[in-house]
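This report concerns only the one structure given below.
The values are calculated or read from the model by the stated rules, or taken from the named source; none is laboratory data. As the structure is a computational prediction, the values presented were derived from the model and not from experiment. No Cβ is skipped: glycine too gets one built from the backbone with ideal geometry, and neighbour counts run over all protein chains shown. Please note that ligands, DNA and RNA were not included when accessible areas were found on the heavy atoms of the full protein model with its side chains. Shrake-Rupley method; radii C 1.70, N 1.55, O 1.52, S 1.80 Å.
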Amino acid sequence: MTEIEIGRGKRGRRAYSFDDVAIVPSRRTRDPEEVSVSWQIDAYHFDLPVIAAPMDSVVSPETAIAIGRLGGLPVLDLEGLWTRHEDPVPLLAEIARLDASAATARMRDLYATEIREDLIVERLRQIREAGITVAGALSPQRTQQFWKTVVDAGVDLFVIRGTTVSAEHVSSRAEPLNLKRFIYELDVPVIVGGAATYTAALHLMRTGAAGVLVGFGGGAAHTTRLTLGIQAPMATAIADVAAARRDYMDESGGRYVHVIADGGVGRSGDIVKAVACGADAVMLGAALARAQESPGGGYHWGSEAHHPVLPRGERVAVDTVGSLEEILLGPGHSADGTTNLIGALRRAMATTGYSDLKEFQRVEVVVAPYQRS
């Protein structure tokens, strides 16, 4: 693979973001109504290839139920305000009202309250009783502490999500989470990430994960590139992890691990290009935080925004563009790719002649940098 000389002592591989690539129509087209955008992970089938990110500005028990009924997979942040406070609704409203200069300090206070196991059980019970697939997320640091509570509460899918997650975490201070042993002993499928390279993803696949989250520092509320100098351009990252999936299938005798784009997927065109580069589904944060029902009230943030020592994110204004149904299924209200996300995906697949997501992963992609006006 071609490398670029950065200087005499350093070379780097060219990587591409979604804005650097585009898909190309082929000789065949079809009706959008005849396109399937459904997918399945383990025993769980979903009408939409959408996972709602485990972020307090996106998923509450109520929005989890709404997203599940629309056909997506909602994931509740089990380290968020919903598992730290009996009634976080006024606290979410307060965060939305804060001046930007005060947001980080106040959020640190609110998230300093200890996580309660009884609230984990209660929030998951609320989602389960609505008949929705139950998914909850913990960071690698909290997984060993709370995993049994989560599994006993009846979770269907377990998500281990961090800015980056490796199969080989080295620590001299505490015994790290042994992912392979943990996943092997668990009775529910596990989605784990983020990973941004072929090698990191291949190692995560070898742990037995059902899905791998792809991304690092590319979300709308992240400042990881500014604070740590780290970023993974998503088109290249997804293509690399898709290659790891292909090679792992050969290595394992046919075991398929789902690739989920997580970060930088803010508009419908990004979803289209994520699937074109090899993703089976996308994890949406800011795109769903724009919904009228979303708990962030027009604002969006992740756990990095209130880190007690080194914040690597911020509370950002994303505004409100429509209901959850309008954002996912339409009708769209503007031409900026923020509403009718699935309609746009269907249209792109139909325009290029593909009938399902697996086929669409083979669509032709060109390098065509785009400058937003």
Q.
Given the options ALA15, ALA22, ALA66, name the one that is touching a residue at least 60 places away in the same chain (Cβ under 8 Å), part of a strand (DSSP E or B) and either over 24 Å from ALA196 (Cα atoms) or hydrophobic (A, V, I, L, M, F, W, C) (or both).
A. ALA22
Q: Could you please find all residues in region 71-90 being crowded, with 20+ Cβ neighbours inside 10 Å and in a helix (DSSP H, G or I)?
A: LEU81, TRP82, THR83
**Q.** region 199-212, subset in a loop (DSSP other than H, G, I, E, B) and touching a residue at least 40 places away in the same chain (Cβ under 8 Å), residue surrounded by the most Cβ atoms within 10 Å (Cβ to Cβ)
**A.** ALA209
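For region 150-169: of the residues being surrounded by 18 or more Cβ atoms within 10 Å (Cβ to Cβ) and more than 17 Å from the chain's Cα centre (by Cα), which is modelled with the lowest pLDDT? Let's see the steps before the verdict.
Initial filter on region 150-169 (surrounded by 18 or more Cβ atoms within 10 Å (Cβ to Cβ)): 150, 153, 155-165, 167.
Now narrow it down to the ones that are more than 17 Å from the chain's Cα centre (by Cα): 150, 153, 155-156, 167.
Working: VAL150: 95, ALA153: 95, VAL155: 96, ASP156: 97, ALA167: 55.
It comes out as ALA167.
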Q: Being among the charged types (D, E, K, R) and surrounded by 14 or more Cβ atoms within 10 Å (Cβ to Cβ) narrows it down to one of ARG30, ARG97, so name that one.
A: ARG30
**Q.** Pair list, Cβ under 6 Å, 6 or more apart: region 95-121 residue within 18 Å of PRO295 (Cβ to Cβ) and assigned to a helix (DSSP H, G or I), other residue modelled with pLDDT of 95 or more and basic (Lys, Arg)
**A.** none
Q: Please identify the pairs in which a residue from region 286-298 that is under 16 Å from ARG97 (Cβ atoms) has its Cβ atom under 9 Å from the Cβ atom of a residue that is of a type in the set (Asp, Glu), counting only partners at least 6 apart or on another chain.
A: PRO295/ASP56; PRO295/GLU62; GLY296/ASP56; GLY298/ASP319
Q: Please verify whether region 294-317 includes one or more residues that are under 26 Å from ALA43 (Cα atoms), open to solvent by less than 50 Å² (accessible area, probe 1.4 Å), outside any loop (DSSP other than H, G, I, E, B) and touching a strand residue (DSSP E or B) at 6+ places or on another chain (Cβ under 9 Å).
A: no
